[in-house]
There are 2 protein chains.
Amino acid sequence: MKKKQVEDIYAFGADLGGNNLRWGLVNQKGDILMHEKVASKGIKSKDKLLDHIFNTVRDGVIKCQNAGYKIKGVGIGIPGLIVKDKGYVLKSPNFAELNSIYFQRLLEERVKLPVIIENDVNAWAWGEYAFGAAKGFWNFMVMTLGTGVGGGVVVDKKLIDGRDGTAGEVGHITIYPDGIKCNCGNTGCLEKYASATGIVDNLKQHINDEGAIELVRIIGKDIGAVTSIDIYNQAKKGNAFAIKLFKGAGVALGIAIAGLVNLLNLEAIIIGGGVSAAWDIIVPELRKEMMKRAFSLPARRCQIMKNDLGDNGGILGMAKMVFDM
Amino acid sequence: MKKKQVEDIYAFGADLGGNNLRWGLVNQKGDILMHEKVASKGIKSKDKLLDHIFNTVRDGVIKCQNAGYKIKGVGIGIPGLIVKDKGYVLKSPNFAELNSIYFQRLLEERVKLPVIIENDVNAWAWGEYAFGAAKGFWNFMVMTLGTGVGGGVVVDKKLIDGRDGTAGEVGHITIYPDGIKCNCGNTGCLEKYASATGIVDNLKQHINDEGAIELVRIIGKDIGAVTSIDIYNQAKKGNAFAIKLFKGAGVALGIAIAGLVNLLNLEAIIIGGGVSAAWDIIVPELRKEMMKRAFSLPARRCQIMKNDLGDNGGILGMAKMVFDM
């Protein structure tokens, strides 16, 4: 009877992204049995945004319960600095409305279930560890190359939250001390070279170069409207300047990862996010830079891998954290 | 009776430094009851060096046993990359004679006791955690500013050894990607700005600057003979260029620490080593750079502290590891 009871408990995992809020009902094997995706973008009042998030989660939970699933708790991944033990959102770059909110407590009141909150990329890392590309690794990092660069570090089979729960911000390691100004206040952050916005910013930095002028002309948009996807499409067609921008992302990532390899002797760096579509341009540069800069043994040890779980990484990671509660 | 029995067990901790091999007989409270220091420098044959180290440890152990102490085991901290689970010295910059040696097994054969080996700065970090400045912290790093820059990271009350045991090499994080060439093969390593050799190298890099010429003239030595202590002595007397070199060390440390604070959300950075004598010049620059570059909450959280244990850090850390076996 005991076995059946264990299998009969499910976790509700959710992932708040800049565009969508996704949730999934997850069993202990990591299968997603029910799921939903609703828009999260463009709600600018704090109360309305919170209501939207909390009601979406509550309605999802009720829907799953009505389908007969017993839910142990709710986990939700949130972009930004999370003070995990207090269930507090310190600062979310995409959702300033959530800054300084005791999110966990408020959501618990709404769903009447235990709630865990965590940084979204930390959640993803835990998902890859439990159910994805990082299975079997004890020491690794998940890096997301999206609008920004996020990270989640697992050391000795434990997710590194740090003293306040804000750990993992690999995107804000300094690569070029006098480099491009970052929104975080620093200059030369990894994020300014290896994210979608970073790729575009680097084009803007070089806008008087012949190659950059030609690239913008081919894309056929005003420079202010050019996206990293436009640049990637030209890179695929062989445009030298577009390729150079993605190679620059690889170099910056390689500099950061070499340091992490020396410091933490990781087994793998697992990469996801939209910019990683340019894998074949970025990763050879990344590897070359890492091998050049890091000690040979830990550099050879560290695998550079694609993520497994994609958009479901956050949901599955938060679900696993609920099961771990 | 049980209490007495526990107190009656002792650990033999040793620390192999570039100049001296020190050992101490340590009780569980971290008191050093017997100790000795013998020279370790200038022995260039591999067999002779190993014999010297192993015999010093064996003779020390016998001396302690003859004094009536029951010894649980021997721990020895070694500078360099240590593959801990194999008891293997991969690469020691100061003792190339120890490279690729199964040190632990060889020493066990000599002393007839269980042996643990560990990187010397990792050992120091564990010593500060058990008996020194890091007592009560769960997440911190010890950094030594000596001939090189070493590090030992503790996260969630565990020393980070990494997959192979080579973790902690904070001195070889890249600060200036196109900076000074390092012995490790990389360019712009922290060590090239914040170690004793780094301070001197930076003087040499600027040897045509008016301030540098004046500084070397005041020191009164050939540039090849100038040491970081010479430079420090002039910094204390107010020489602007000497002060600038130590401030540069502070800036480089601040850049590195800002990244670590964002990545690991540490509670403290505990600093030791000869170069840290210039604390009053280095640390204000370090703090300024860290506050400027890191996220505010984790930066405010992270204390920059002097170490407690000094030369005994390695001995006490290795002793604690023996007790933890």
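The values are calculated or read from the model by the stated rules, or taken from the named source; none is laboratory data. These figures come from a predicted structure and were not determined experimentally. Cβ atoms come from the backbone with ideal geometry, glycine included; neighbour counts cover every protein chain shown.
Odds and ends about this structure:
- Qualifying position, being more than 11 Å from chain A (Cβ to nearest Cβ) and assigned to a helix (DSSP H, G or I), among B:LYS204, B:LYS221, B:LYS135: B:LYS204
- Lone unmet requirement of (1) in contact (Cβ under 8 Å) with a residue 40 or more places away in the chain; (2) in a loop (DSSP other than H, G, I, E, B) for A:MET143: (2)
- Considering residues of region A:159-191 that are of a type in the set (S, T, N, Q) and modelled with pLDDT of 95 or more only, the residue nearest to A:VAL142 (Cα to Cα): A:THR174
- Taking region A:41-51 as the range and being over 20 Å from A:TYR88 (Cβ atoms) and either surrounded by 14 or more Cβ atoms within 10 Å (Cβ to Cβ) or aromatic (Phe, Trp, Tyr) (or both) as the test, only A:ILE43 passes.
- Residue, farthest from the other protein chains (Cβ to nearest Cβ), within region B:51-84, restricted to residues that are more than 19 Å from B:ARG110 (Cβ to Cβ) and in contact with a Gly (Cβ under 6 Å, 6 or more places away or on another chain): B:LYS84
- Among the conditions (1) of a type in the set (S, T, N, Q); (2) crowded, with 20+ Cβ neighbours inside 10 Å; (3) free of Cβ contacts under 8 Å to residues at least 40 places away in the same chain, the only one that A:ASN233 does not satisfy is (2).
- Any hit, region B:68-75, residues being out of contact with any Phe, Trp or Tyr (no Cβ under 8 Å at 6 or more places or on another chain) and either closer than 22 Å to A:LEU264 by Cα or among the basic types (Lys, Arg) (or both): no
- The one condition from (1) of a type in the set (A, V, I, L, M); (2) modelled with pLDDT of 95 or more; (3) over 24 Å from B:GLY171 (Cα atoms) that A:LEU260 does not meet is (3).
- Condition met for B:VAL111 (of a type in the set (A, V, I, L, M) and in contact with a Pro (Cβ under 8 Å, 6 or more places away or on another chain)): no
- Among residues of region B:149-163 being part of a loop (DSSP other than H, G, I, E, B) and free of Cβ contacts under 8 Å to residues at least 60 places away in the same chain, the one that is nearest to the other protein chains (Cβ to nearest Cβ) is B:GLY162.
- Qualifying residues in region A:175-191 (those that are part of a strand (DSSP E or B) and of a type outside the set (S, T, N, Q)) - the one nearest to the other protein chains (Cβ to nearest Cβ): A:CYS189
Matching residues to (1) at pLDDT 95 or above; (2) touching a Leu at 6+ places or on another chain (Cβ under 7 Å):
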| residue | (1), (2) |
| --- | --- |
| B:ALA39 | no, no |
| B:SER45 | no, no |
| B:ARG58 | yes, no |
| B:VAL61 | yes, yes |
| B:CYS64 | yes, yes |
| B:GLY68 | yes, no |
| B:LEU90 | no, yes |
| B:PRO114 | yes, no |
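- Residue in region A:70-90 that is without any contact (Cβ under 8 Å) to a residue 12 or more places away in the chain, surrounded by fewer than 21 Cβ atoms within 10 Å (Cβ to Cβ) and charged (D, E, K, R) present: no
- Among the residues of region B:93-102, at least one is among the small types (Gly, Ala, Ser) and on the phi < 0 side of the Ramachandran plot.
- Screening region A:139-148 for residues that are more than 7 Å from every other protein chain (Cβ to nearest Cβ) and not hydroxyl-bearing (Ser, Thr, Tyr) and picking the one that is surrounded by the fewest Cβ atoms within 10 Å (Cβ to Cβ) gives A:GLY146.
- Residue under evaluation A:THR166, criteria (1) more than 14 Å from chain B (Cβ to nearest Cβ); (2) β-branched (Val, Ile, Thr); (3) assigned to a loop (DSSP other than H, G, I, E, B), criterion not met: (1)
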